[in-house]
Amino acid sequence: MVLAGAGSGKTRVLVQRIATLVGRGVHPSRILAVTFTNKAAGEMRERLSEMLGYHASSMWIGTFHSTCARLLRMFHEEVGLSSNYNIFDDDDQMRLIGALIKERNLKEEATPRSVLSAIGAAKNKGEDPVEYNKLGYLSQIISIIYPMYRDALAREDAVDFNDLLLKVRDLFAHKAVGPKLRQRFDHVLVDEFQDTNPVQYNLVQGFVGDTRNLTVVGDDDQSIYSWRGAEPRNLLDFKRDYPDSAEVKLEQNYRSTNVILTAANGVIQNNRDRHRKQLWTDRDGGDPVLWEEVRDERAEGDFVAGAIEGLVSEEGREWGDMAILYRTHSQSRVLEEMLRSRGIMYKIVGGVSFFQRKEVKDIRAYMRLVSNAAADMSFDRIVNVPARGIGKTTVDHIRYYSRGKRISYLAGARDAVRGEIPEVRAAARKKLQKFLEIIDGLAAVKKAGASVAEFLIQVVERSTYRERLEKEGTPDASERLNNLAELVSMASDFDDETDGEGSLAEFEERISLASAADGEDGKGSAVTMMTVHAAKGLEYPIVFVVGMEDGLFPSIRENRDVFEPEDRKDLEEERRLAYVAFTRAMDRLVLTSARVRRKWAEVKIAKPSRFLQEIPEDCLAIRIVPDPAPDTSFRRRPARGRSRSRYSNDGYSDTYAADPYDSSPTSRSARAAPSSSYENPSDLDPDHTRIDPTYSDHSYPDHNYPDHSYPDHNYPDHNSPDRTSTHQRAQSSRRLGGRSATPKRHKPSGRQASFGQQSLFGDIDDEFDQRSGYEEFPTYTVEGEIAYESGDGEYQFDQSAEFVEICAGTTVRHKSFGLGRVLTSQGHGKNQKLAIDFSTVGVKTVMARFVDPVF
DNA sequence: TATTCGCACTTTTTT
DNA sequence: AGTGCGAATA
């Protein structure tokens, strides 16, 4: 067993071990190497081919899933599958479960997603879903749906992802096959062992058999898949089950600079459940980790794009040297936009998989149905796609009839054409026949020995898919056509690879097992964008980790605002995720957080990730970018965020620094410039024309920030008196970001940061001057309408009034929602829209003319 | 039967 | 905000 840290060359150890084994005369086909992704498998195969001087094609290198799929093809009969069995992906499973739920009228009780995840949770552990969920609130539903689900899969000659593993596990118990399997491999090696689930561990034990020749490598600090049933405990169990094993700890990191490593160590050491490891590197020093705090996600994207430009022009870096990591896919959109606007090439790894696109799934369904008539779900999917006049009623008749006769829908459709289902009338029969002719024609194409690519072309033609899309002529349609062309070209590659001998089923299997992240690798110069999960095992000279905000990273469950003690495990996994993210970086690590982030159409005030404060100070350069001066050339905007930022930017208080509705002494004392009855910006700045007094208040010494900005290891909680000080620091930081003060940034011990000094990220001082090039904090007087409530409860508009446009931070009153605070504003005048956090109903977007500022 | 409109759901992470 | 589904309509 190798227990090793990030960047210590775990995989290299594995590769070398395999090469050694082969050198010692072990036959390559007797070696099983399990990697976490298909991509990693490909890389391993490539490296081995190089080392051994021949193509390592006979070796069993792959993921658990691809390995099991391969074995199931060999032993399909023993598990009751055909040789063309179908693999259900997430989407297929969800559709099936959705259909079952509907069939049983359980729609009120559960969503397909919840049922699927309950089933999945059980299967990940290798347990029976009904038993496993017996005590849960879904127990009733699962006990109804799961057997139906299982039977449907059996009927369809299909397995889901978990079955792929479970069926192989069952094979070990098979009289004839079990012993064979157990003796199939002389050596077993497993990468990323911390991410194996109990079923996978069982498989490993089975494959190892009696030889006990097993090598695993893993890092418990990088266990980020517990939600998929992974048990880092397997590392411990391993010691128990193989007490004679040697444990090797690799603690030297060859990847990152000392600064980056120290930052990552600083974060991960806050986890309680871990093996103690202290990674070290001989790459001394390094540029400090930069934490850039910006206004919102657009500013974030803009900053990252600008920094990339700077790195290219100032440091001669290439786009391909850089990666942008985020917690969720949804963050990629804005980033893309900002990169595109600067002409930076990028590629996104993962996301909505190519193979999940509707048109691709449709064509895949044709492929499945032709090679496997039992594929009822596929039949359902394409019988009327593209529309050929076969309606719901007709299909319902076929379904009912087929189920009764226990035949496939396709067979049922044939009977219908023959007139054996009287409810299906002549007109419908004719249309059905047309459909069957398409399928049969395709079957003939297949039989004639067409390559997979040729076959797919025929599908696109004969199904009339191409014709329909071309007729449509919309950009969307041509995009779809492109995707289909892409699919065909993939098939063509597959044909080349297999000398045209690969079957449809094999191609379909490969697609099913291909993860979105498996796409071709880094060659070519483009910035890589992906989730942190997808980045595991990769490294880049420069890494941006965006969205370092509490609630996003660490991510937090919907209905909760704070991490409860019982969430410790979740939080620790998030921390490991941060650790993975940070340790991807070789030379430079840049973190960004936004003060305001939009989720859907909603606007949320965000606070910096707690992980940021776990980074040792002397590794970190902090820069807080003030909200930009309003771009008057574009449109007049209110002082967006200026006053609000007093609330949002204190970093470590709760959602707001002070709740205007909270008149508790603690809260009040936290205010820098307390005023009368309760706190809100209007109190401080009743006419919105003066600079917020707190910003020009010099009572907070500069040296409070950033040197001691976040010294507290514990998150100051709601009532902590400490809030005062954090708040004050924030105030002073504001001033730094304001104008006069020279911004301070932290210098890493001994070494001068190149951040800021070089023009790469802009000289920090210049940058501040530039961005805060306005004399005063912006406030506006604009023409507009003032709304007031007239006696009859209607709103009236005073057209002539000149007044202050409602600014973010203002407290307003809405007729039905009551008091609320404006978070952001869009547009102006009559069309001004405000995102308002109401104390009664939460955040809503409301037209400004429907609210009254409270003065 | 096809089309259109409105509503609900989505966004944690993936083999 | 975008999608997909179901109900209502042509």
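The values are calculated or read from the model by the stated rules, or taken from the named source; none is laboratory data. Note that this is a predicted model, so its numbers are computed, not measured. So basically every Cβ, Gly included, is an ideal-geometry build from the backbone, and we count neighbours across all protein chains shown. Accessible surface areas use protein heavy atoms only, side chains included; no ligands, DNA or RNA. Shrake-Rupley method; radii C 1.70, N 1.55, O 1.52, S 1.80 Å.
General remarks:
- Gap separating the Cα centres of the stretch A:240-312 and the stretch A:165-234, nearest whole Å: 29
- Placing R0 at 45 angstrom, the Cβ-Cβ distance between residue A:415 and residue A:358 gives a FRET efficiency of 0.95 after rounding to 0.05.
- Residue A:533 versus residue A:183: modelled label distance in nm, points set 7 Å from Cα along the beta carbon direction: 4.1
- Residues in the stretch A:121-134 carry Karplus couplings, in order, of 4, 5, 5, 4, 8, x, 10, 6, x, 5, 4, 4, 9, 4 Hz; the curve used is 6.51 cos²θ - 1.76 cosθ + 1.60 with θ = phi - 60°, and Gly or Pro positions show x.
- Within the stretch A:9-133, the proportion of Cα pairs with more than 26 Å between them is 44 percent.
- Of the peptides A:537-545, A:192-200, A:209-217, A:132-140, the ranking by mean beta-carbon count within 10 Å, highest at the top, reads A:192-200, A:537-545, A:209-217, A:132-140.
- Measuring nothing but protein heavy atoms, the accessible surface of the stretch A:165-220 at 1.4 Å probe radius is 45 percent carbon and sulfur.
- Summarising the label geometry, the points placed 7 Å from Cα in the beta-carbon direction at residue A:471 and residue A:280 lie 7.3 nm from one another.
- Separation of the alpha carbons by more than 22 angstrom is noted, of A:39/A:347; A:430/A:471; A:107/A:167; A:125/A:180; A:123/A:599, for A:430/A:471; A:107/A:167; A:125/A:180; A:123/A:599.
- Packing-based order for A:328-335, A:219-226, A:248-255, using average beta carbon neighbours within 10 Å, highest first: A:219-226, A:328-335, A:248-255
- Placed amide H near residue A:296: partners under 5 Å, 5+ positions off or other chain: A:595, A:596
- For the stretch A:268-312, the percent of C-alpha pairs falling in each 10 Å distance bin, counted from 0 to the bin holding the largest distance, reads 19, 28, 28, 25, 1.
- On the beta carbon distance between residue A:78 and residue A:555, with R0 = 60 Å, the FRET formula returns roughly 0.90.
- Residues whose placed amide H lies under 5 Å from that of residue A:249, excluding near-sequence neighbours: A:3
- Rg over Rh for the stretch A:136-218 works out to 1.09, using Cα positions for both radii and the Kirkwood form for Rh.
- Amide H to amide H distances under 5 Å link residue A:548 with A:592, A:593, A:594, where only residues 5 or more positions off or on other chains count and H is placed in the peptide plane.
- Distance between modelled label sites at residue A:90 and residue A:128, nm, 7 Å Cα→Cβ extension: 2.9
- Convex hull of alpha carbon positions in the stretch A:176-288: directionally averaged projected area 8.6 nm².
- For the stretch A:101-114, Karplus couplings with θ = phi - 60° (6.51, -1.76, 1.60), whole Hz, Gly/Pro x: 4, 5, 4, 9, 6, 9, 4, 6, 7, 7, 9, x, 4, 5
- Highest-first arrangement of A:261-274, A:45-58, A:147-160, where packing means the average Cβ count within 10 Å: A:261-274, A:147-160, A:45-58
- In the full protein context, the stretch A:330-489 carries 49 Å² of accessible surface per residue, based on a 1.4 Å probe and ignoring ligands, DNA and RNA.
- Positive contributions from Lys and Arg (+1) and negative ones from Asp and Glu (-1), summed over other residues with Cβ under 11 Å from the Cβ of residue A:146, come out at -1.
- When the C-alpha to C-alpha distance is required to be over 25 Å, the pairs from A:102/A:358; A:175/A:405; A:569/A:607; A:358/A:431; A:102/A:446 that qualify are A:175/A:405; A:102/A:446.
- The convex hull defined by the C-alpha atoms of the stretch A:178-233 has an orientation-averaged projected area of 3.7 nm².
- Rounded to the nearest 20 debye, dipole of the stretch A:1-131 from Cβ charges on Lys, Arg, Asp, Glu: 660
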